[in-house]
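First up is the structure itself, then whatever we jot down about it.
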């Protein structure tokens, strides 16, 4: 597995989440056992464009960064650790249900991607 492949894996995961959040935000939220109010649906739909943008950036990063790809990879390793810590905190205080859907679907990808980005960026 190469660092370029890790970026592409991240792009696919982010793309799936971003497009789902844009097209069917209530269904996506219910999949994580989060109640979908009108305000939260609009918030998720708006934030989905940022996720789609990160997906595109992740897909293009191996081409754009060239020899500096490891530096960007280490940034994403740290970013995923910070995001996993935030998600873990939100789960621990009850902001989101601490069930399998959130542990595997929300926290899981960040932990795996943090490890892969760190491992391949050393």
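Side notes on the structure shown:
- Scanning region 36-62 for residues that are over 14 Å from the mean Cα position of the chain (by Cα) and not in a loop (DSSP other than H, G, I, E, B) turns up 38, 39, 40, 41, 42, 43, 45, 46, 60, 61, 62.
- Flag for residue 89 being under 25 Å from residue 67 (Cα atoms) and either at pLDDT below 90 or in a helix (DSSP H, G or I) (or both): no
- Some residue of region 78-89 being touching a residue at least 60 places away in the same chain (Cβ under 8 Å), within 20 Å of residue 61 (Cα to Cα) and surrounded by 19 or more Cβ atoms within 10 Å (Cβ to Cβ): no
- Meets criteria (farther than 30 Å from residue 121 by Cα and either out of contact with any helix residue (DSSP H, G or I) (no Cβ under 8 Å at 6 or more places or on another chain) or assigned to a helix (DSSP H, G or I) (or both)) for residue 94: yes
- For region 10-18, the criterion of being at negative phi, without any contact (Cβ under 8 Å) to a residue 24 or more places away in the chain and either crowded, with 17+ Cβ neighbours inside 10 Å or touching a helix residue (DSSP H, G or I) at 6+ places or on another chain (Cβ under 7 Å) (or both) is met by none of the residues.
- Flag if residue 22 is out of contact with any helix residue (DSSP H, G or I) (no Cβ under 6 Å at 6 or more places or on another chain), at pLDDT 95 or above and either farther than 22 Å from residue 122 by Cα or exposed (fewer than 15 other Cβ atoms within 10 Å of the Cβ) (or both): no
- Candidates in region 90-122 are the residues that are in contact (Cβ under 8 Å) with a residue 40 or more places away in the chain and under 15 Å from residue 58 (Cβ atoms); of these, the one that is surrounded by the most Cβ atoms within 10 Å (Cβ to Cβ) is 117.
- Test for residue 33: is it assigned to a helix (DSSP H, G or I), at pLDDT below 95 and closer than 22 Å to residue 97 by Cα: no
- The residue of region 58-71 that is surrounded by the fewest Cβ atoms within 10 Å (Cβ to Cβ), among those that are without any contact (Cβ under 8 Å) to a residue 40 or more places away in the chain and closer than 15 Å to residue 8 by Cα, is 66.
- Unmet criterion (only one of (1) assigned to a helix (DSSP H, G or I); (2) out of contact with any helix residue (DSSP H, G or I) (no Cβ under 9 Å at 6 or more places or on another chain); (3) over 26 Å from residue 6 (Cβ atoms)) for residue 104: (3)
- Breaking point among (1) modelled with pLDDT of 95 or more; (2) closer than 19 Å to residue 107 by Cα, for residue 56: (2)
The values are calculated or read from the model by the stated rules, or taken from the named source; none is laboratory data. Model, not experiment: these values are computed from the prediction. Ideal geometry is used to build each Cβ from the backbone, glycine not excepted, and the neighbour counts take in all protein chains shown.
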